[in-house]
Amino acid sequence: MSDYPKTPVTDVDLAEYDNEYVQNEVNEEQFESIPDGKYQAQVEAVELTRTMKGDPMLKWTLKVVGPNHAGRKLWRNNVMASPENRSWLKKDLYACGLRLERLSELPANLDRLLDIRLEVTKKTRRGDDGKEYESVFINKRLKTAEEALGESGNTNDALSRF
């Protein structure tokens, strides 16, 4: 049972928020598309969902951490409608360091994709219909300094060898 009253929002007097609303500034650039190029991004969310046609899809939310446009979002969708689509998904998972024996293991391993850093490429193309379509491609996983030190077996400070 919810603590919220069942009053529709349209029946709520929003006038008490008018002054604050007027004073809030909007940066219109935040709504413009991020330029095509390579970006460093962190996986903020991944979820298994379905397309409008009903095909399974892995939906990625990526937060740009650099080199430009930090804080902006990019999205990638791996639709699993065809063998080619599923091949792209496997390549993306491998690029992220997630090696699965079977695709059915993915739901139990989604949390392993969270917070990893990736190099991604954003490309825009014009379709036959004249509309612009944006695609985001996962290039590779970027290792943090801690991960790199852990692989080398050196758990000391990075400057300890000097």
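The values are calculated or read from the model by the stated rules, or taken from the named source; none is laboratory data. In this text, all values refer to a predicted model and were calculated from it rather than measured experimentally. Cβ sites come from the backbone with ideal geometry, for glycine too, and all protein chains shown count toward neighbours.
Taking helices (runs of 4 or more DSSP H) that do not extend beyond region 73-152, which have at least 3 residues that are modelled with pLDDT of 95 or more, surrounded by 14 or more Cβ atoms within 10 Å (Cβ to Cβ) and out of contact with any strand residue (DSSP E or B) (no Cβ under 6 Å at 6 or more places or on another chain)?
Values: elements: 83-95, 106-109, 145-152.
Output list reads 83-95.
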- [ ] Give me the pairs, please: first residue somewhere in region 45-57 and in contact (Cβ under 8 Å) with a residue 12 or more places away in the chain and closer than 15 Å to Trp75 by Cα, second residue anywhere and assigned to a strand (DSSP E or B) and among the polar types (S, T, N, Q), beta-carbon distance under 6 Å, and either six or more positions apart or on two chains.
- [x] Ala45/Thr61; Met57/Thr49; Met57/Asn77
Open item on the list: For a quick check of your reading of the model, give me the residue pairs whose first member lies in region 97-119 and is closer than 17 Å to Ser87 by Cβ, whose second is surrounded by 11 or more Cβ atoms within 10 Å (Cβ to Cβ), with beta-carbon atoms closer than 6 Å and at least 6 apart or on different chains.
Closed with: Leu98/Arg112
